[in-house]
1. Any chance you could count how many residues in the range B:97-123 are more than 19 Å from B:I40 (Cα to Cα), touching a residue at least 40 places away in the same chain (Cβ under 8 Å) and not hydrophobic (A, V, I, L, M, F, W, C)?
2. Return the residues of the range B:141-174 that are more than 19 Å from B:V228 (Cβ to Cβ), touching a strand residue (DSSP E or B) at 6+ places or on another chain (Cβ under 9 Å) and crowded, with 24+ Cβ neighbours inside 10 Å; say none if nothing qualifies.
3. Looking at the range B:409-418, can you tell me whether even one residue there is surrounded by fewer than 20 Cβ atoms within 10 Å (Cβ to Cβ), among the hydroxyl-bearing types (S, T, Y), without any contact (Cβ under 8 Å) to a residue 12 or more places away in the chain and within 11 Å of another protein chain (Cβ to nearest Cβ)?
4. Are there any pairs, at least 6 apart or on different chains, whose C-beta atoms fall under 8 Å, with the first in the range B:276-294 and aromatic (F, W, Y) and the second surrounded by 14 or more Cβ atoms within 10 Å (Cβ to Cβ), and if so, which?
5. I'd like to know if the range B:439-458 contains one or more residues that are at pLDDT 95 or above, at positive phi and not small (G, A, S).
6. For the subset of the range B:77-87 comprising residues that are under 18 Å from the mean Cα position of the chain (by Cα) and assigned to a strand (DSSP E or B), which member is nearest to B:S168 (Cα to Cα)?
7. Take the residues in the range B:450-468 that are assigned to a helix (DSSP H, G or I) and small (G, A, S); name whichever of them is nearest to B:I211 (Cα to Cα).
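The values are calculated or read from the model by the stated rules, or taken from the named source; none is laboratory data. All figures in this text were calculated on a predicted structure; none of them were measured in a lab. Here the Cβ positions follow ideal geometry from the backbone for every residue, glycine too, while neighbour counts run over all protein chains shown.
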Amino acid sequence: MKDYQLIDHLAALSRLSFTGAEKEEMAADMESIMNLMDTITQVEISEEEYPLTAEGGMELLRADEERPSMPAEEVLANAKGKLYHFIAVQKLMD
Amino acid sequence: MNLHLKSIKELRALLDGGDITAPELTQYYLDRIEKLDPTIRAFITVNDQAMKQAEAAQKMIESGCAGPLTGIVLGIKDNICTKGLRTTCASRMLEDFIPPYHATVAAKLEEAGAVFIGKLNMDEFAMGASTTTSYFGVTRNPYDTDRVPGGSSGGSAAAVAAGLCVASLGSDTGGSIRQPASFCGVTGLKPTYGRVSRSGLIAFASSLDQIGPIGKSARDCAVLLDAVSGADPLDMTSKPSDPVLPQMGKPVAGTVIGIPQEFFGEGLSAEVRAAVEAAAGEFEAMGCVIKEVSMPSLKYAIPAYYLIASAEASSNLARYDGVRYGHLSQEGETFDQRLIATRNEGFGREVKRRILLGTYALSSGYFDAYYKKACLLRRRIRREYEEIFKTCDCILTPTAPEIAFRIGEKGGDPTEMYLADIYTVTVNIAGLPAVSTTCGYSSEGMPIGMSLVGKAFADGEILNLADAFEKKFQYVLNDFCL
């Protein structure tokens, strides 16, 4: 069953929005996808058997020390809004 | 001289011997791109600085400083950052993004004197198996331009198959190097997780993503792999590893190859099955031992993979807000309204589907039933691989259930496309290396690929096996490839 409320909820969490026709398509897509995903919900599997502890394989973190960085102009080169050496955005509140 | 049919080793000899220069080789490929890419559409961006790189490479050659890849013309998947060269991830979101730094792999290749001929098409944010979700249009399979090249690294595979670059880099999160390599009749390696730094690879699913080579042969892949491998302080999951090239040419007799029966069940086309079984027979003739094994959890691999990958993607793609880089909508009065408009306009439909799925799997009330269950299944699949590797050196499977499908054939239900990944995703889930190489052709002349899966960091062993097979295999090249 298509769940339009769920699509609205997930869209809000994802910072997306869908118009009527888009929502209809997305609800149909998600219905089909969730039918496929639901095949694992009935699997009997426990954390005792397969512990979800952190695995090895990570190298040590880098030392917390100052390192050279790129010039601000380069870092800001792709930002659409700039003011001096800062990123400019729309106002967040009145 | 058909330079595009030559291996890296052969081109190295021509360059070092002065028979051709690096700028001549680069121009040769630029001419082929101009002639063929309007049909294939493998490239999103052709590098206008390629000739400058070639001139620098030529100086390295003339001064005796050439390495294996100096002057060799490579294509780079467009989700790998290249300093000063547009990197779009095949998305409107990054349509005009110029990275201020190189990915570690790009820096290594530049230092080695390789020439970047351009950036290659892919599914948007590497989410797809067809290269039809690219904002920049569909890439076509050189063996049949009505068919997809596979994906997400479809441009990387098609460019190598059509001779538009010597070799290329792709990325593989759930089969995105191996499946297009299979569809386009070339060789592609998904390295062991950690062998190649992911720094500068635009993140899709960080615990699954891995950069790897696509080439005309396992040997070409080995050369490229050795150039980009190694521990990197910018990627905490990267590790040092031994070079694979010295392992090429070693005897393969006695190698125990496991054949998991679940990979040969319902859904596998008869032609693919026959080609892979014939390849198993060829390995047997070389003195390998074929052994039947089992992976009972294969039936859960697709949902487990898609839940984990989408959950990680929903987090990774939260960064696209149009503020620091990328598309910025002109709609909306407030910051939030503009943020939502930016993401609505910037992302395509498949990316939005995956973000919603990942958000759902991580959200309150559903986490245990979906994401946590998927993580537990990931452990079970890893353990099943460990069991198999107690008695086998590697595993042989089909790369994809069928040959390259026609463009638009799987456009309706998104799960049809997801199920096409059935034979590749377990390798990413387990972090193992796997190489796909051509093992046959369908009655329509389309390539069929098989995959050899190895133990962690046994990339050299599976490349050596693939190389041994390739030496005996009779390739069929079509007009585009010639």
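1. Summing the residues that are more than 19 Å from B:I40 (Cα to Cα), touching a residue at least 40 places away in the same chain (Cβ under 8 Å) and not hydrophobic (A, V, I, L, M, F, W, C) in the range B:97-123 gives 7.
2. Step one: of the range B:141-174, the residues more than 19 Å from B:V228 (Cβ to Cβ) are B:141-151, B:154, B:158, B:161-164, B:174.
The next check asks that each one be touching a strand residue (DSSP E or B) at 6+ places or on another chain (Cβ under 9 Å); those that pass are B:141, B:143-144, B:146-150, B:154, B:158, B:161, B:164.
Listed by number, the residues that qualify are B:N141, B:Y143, B:V148, B:P149, B:G150, B:G154, B:A158, B:A161, B:L164.
3. Yes, that holds for at least one residue.
4. Listed pairs, sorted by first residue: B:F283/B:V252; B:F283/B:T255; B:F283/B:I257; B:F283/B:I290; B:F283/B:L396; B:F283/B:L465; B:F283/B:F469.
5. yes
6. Quick first cut of the range B:77-87, residues under 18 Å from the mean Cα position of the chain (by Cα) only: B:77-82, B:87.
With assigned to a strand (DSSP E or B) added as a condition, the list becomes B:77, B:80, B:82.
Values: B:K77: 7, B:I80: 11, B:T82: 14 Å.
Among those residues, the one meeting the criterion is B:K77.
7. Here is the first cut: in the range B:450-468, the ones assigned to a helix (DSSP H, G or I) are B:459-468.
If we keep only those that are small (G, A, S) as well, we get B:460, B:466, B:468.
Details: B:G460: 16, B:A466: 19, B:A468: 24 Å.
So, considering only residues that are assigned to a helix (DSSP H, G or I) and small (G, A, S), the one nearest to B:I211 (Cα to Cα) is B:G460.
One line per residue, one yes/no per condition, for (1) of a type in the set (S, T, Y); (2) within 30 Å of B:A278 (Cβ to Cβ):
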| residue | (1), (2) |
| --- | --- |
| B:Y320 | yes, no |
| B:E333 | no, no |
| B:R353 | no, no |
| B:R383 | no, no |
| B:I388 | no, yes |
